[in-house]
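Here is the structure we will look at, set down as structure tokens.
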Amino acid sequence: MALIKWEPLREIEDMFDRYTKAMGWPMSRGQELINTGDWTPRVDISETDNEFMIKAEIPEVNKEDVKVSVDNGVLTIQGERKQEKEEKGKKFHRVERYYGSFVRSFTLPDNIDATKIKASFKDGMLNLQIPKTGEARPKAIEVKVE
């Protein structure tokens, strides 16, 4: 039997996610807005000088069941992981993975080019490349004295 490292913080996050989903409460973390579906895929967000990258873990989800869209500065990833059906001679003893629909939405910064976003899907990972247009500069507003 193999030993498995216990991750108490992950367990607490999962418990909190299940509780808020059961109560029907929306969740928000920083600039990220989570629209709760049946489950929530984990994501990594990183940045280089030229682009932002989002990697979403969506194993056993078909490419056809994933939709990525951008509307009013909000990037949305949605899809569905279908549950295996019990077949003759096959009996499930435990099911711990989440199935069903998911939706994740992220507010994009002003310095991106939404028309040039690229998405690729390989080995259960959705990779989004979001190119930057340049530095977002604060706009100075001249105050006139009347």
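The values are calculated or read from the model by the stated rules, or taken from the named source; none is laboratory data. Quantities reported herein were computed from a predicted structural model and do not represent experimental measurements. Note that each Cβ is placed from the backbone with ideal geometry, even for glycine, and that neighbours are counted across all protein chains shown.
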When only residues in the stretch 16-54 that are hydroxyl-bearing (Ser, Thr, Tyr), loosely packed, with under 13 Cβ neighbours inside 10 Å and at pLDDT below 90 count, which is farthest from Thr76 (Cα to Cα)? Tyr19
From the set of residues in the stretch 66-96 that are surrounded by 11 or more Cβ atoms within 10 Å (Cβ to Cβ), assigned to a loop (DSSP other than H, G, I, E, B) and not small (Gly, Ala, Ser), which is nearest to the chain's Cα centre (by Cα)? Lys82
